[in-house]
Amino acid sequence: MVTVSHIVQKIVNDRVFLLEAMYQRIISHGALAKILQPDIEAELGKDVKLHAIVMALRRYEETLHQTHKPITFDYRSEIILKSDICDISVRRSPTLFDTLKQLYDIVNFENGDILNIIHGRWEVSIATNERYRQKTLEFLKNEKILNVERNLISLTLTFPQGYFRTPGVIFHLIRNLAWENINIFEIISTDTELTFILAKHDAMKAYATLEKMMRSKENQ
């Protein structure tokens, strides 16, 4: 049987920012209950008293504190910013992979240039320096180009090996960027590095946001 408590938990769990705010006890249960009331009544098909929603919120908040332990992680890292990045999306095809191999011959990795190729089920994204954009498009002239994004930057952070095995680390970084209304075009990770591809106009704001996190030895 579906109850007010079940629906409250589902709504909160579906909204990550709301879930975290409840965990930090910074939400007014009464104000939130008024916002959720129409959705809950529509789900149940009947009127629901406000105090019943408030009680369900309070109970779930206590459950969160009993079952979820805060995660600590040392976010201190060097932040490397690289400008003049482009991102090219291309449809996967039987001939694409041989073409992609040629890209490694034109990129000067020793000079700090980048080439990140991300394979999806139906398409492939290529993030590289703007200076290689035209040459890359020439290599891909027989392929179906889906999109080309220019005026991008990359922000790279270096963490201890296996950082992505700690739950919440990547989410915490993404959340802070999202709070600043910063869009992420690509996320590229290795065992010790995490790179965000962002719009150039967000470069300074994103750098400042991440740098603020780096100041503290431990973040939750």
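The values are calculated or read from the model by the stated rules, or taken from the named source; none is laboratory data. These numbers come from a predicted model, not from an experiment. Backbone-built Cβ (ideal geometry, glycine too); neighbour counts: all protein chains shown.
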Scan of region 118-145 for residues that are in contact with a Lys or Arg (Cβ under 7 Å, 6 or more places away or on another chain) and either aliphatic (A, V, I, L, M) or under 15 Å from Lys101 (Cβ atoms) (or both), ordered by number: Val124, Glu143
Selection from region 32-41 of residues more than 29 Å from Ala178 (Cα to Cα) and loosely packed, with under 11 Cβ neighbours inside 10 Å yields none
Wholly within region 127-220, which strands (runs of 3 or more DSSP E) include no fewer than the required count, namely at least 3 residues that are touching a residue at least 60 places away in the same chain (Cβ under 8 Å)? 145-158, 184-189
Considering only residues that are over 29 Å from the mean Cα position of the chain (by Cα) and within 20 Å of Ala21 (Cβ to Cβ), which ones fall in region 41-57? Leu50, Ile53, Val54, Met55, Ala56
Against the conditions (1) in contact with a Leu (Cβ under 8 Å, 6 or more places away or on another chain); (2) surrounded by 17 or more Cβ atoms within 10 Å (Cβ to Cβ), where does Val169 fall short? Just the number, please. (1)
Which listed residue is modelled with pLDDT of 95 or more and over 27 Å from the mean Cα position of the chain (by Cα), from Gln134, Gln102: Gln134
Selected residue (criterion: surrounded by the fewest Cβ atoms within 10 Å (Cβ to Cβ)) from residues of region 14-31 that are of a type in the set (A, V, I, L, M) and within 16 Å of His65 (Cα to Cα): Ile26
Being surrounded by 11 or more Cβ atoms within 10 Å (Cβ to Cβ), in contact (Cβ under 8 Å) with a residue 24 or more places away in the chain, part of a helix (DSSP H, G or I) and not assigned by TED's automatic domain parsing to the domain that holds Leu194: is that true of Val54 here? yes
Odd one out for Val48, checked against (1) part of a helix (DSSP H, G or I); (2) in contact with a helix residue (DSSP H, G or I) (Cβ under 8 Å, 6 or more places away or on another chain); (3) at pLDDT 90 or above; (4) crowded, with 16+ Cβ neighbours inside 10 Å: (1)
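Given the criteria part of a loop (DSSP other than H, G, I, E, B), in contact with an Asp or Glu (Cβ under 7 Å, 6 or more places away or on another chain) and not polar (S, T, N, Q), does Asp87 qualify?
Spelling it out, it is not the case that Asp87 is part of a loop (DSSP other than H, G, I, E, B), in contact with an Asp or Glu (Cβ under 7 Å, 6 or more places away or on another chain) and not polar (S, T, N, Q).
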Just give me the residues in region 99-120 being hydrophobic (A, V, I, L, M, F, W, C) and either in contact with a helix residue (DSSP H, G or I) (Cβ under 8 Å, 6 or more places away or on another chain) or in a helix (DSSP H, G or I) (or both), in sequence order. Leu100, Leu103, Ile106, Val107, Phe109, Leu115, Ile117
Tell me the residue from Ile153, Ile170 that is closer than 20 Å to Ile114 by Cα and of a type in the set (Val, Ile, Thr), please. Ile153
List the pairs whose first member sits in region 91-107 and is closer than 10 Å to Phe139 by Cα, whose second member is of a type in the set (S, T, N, Q) and in a helix (DSSP H, G or I), and whose Cβ atoms are under 8 Å apart, counting only residues at least 6 apart or on separate chains? Leu103/Thr136
From Ala52, Ala21, grab the single residue that is more than 30 Å from Asn176 (Cβ to Cβ) and not hydroxyl-bearing (Ser, Thr, Tyr). Ala52
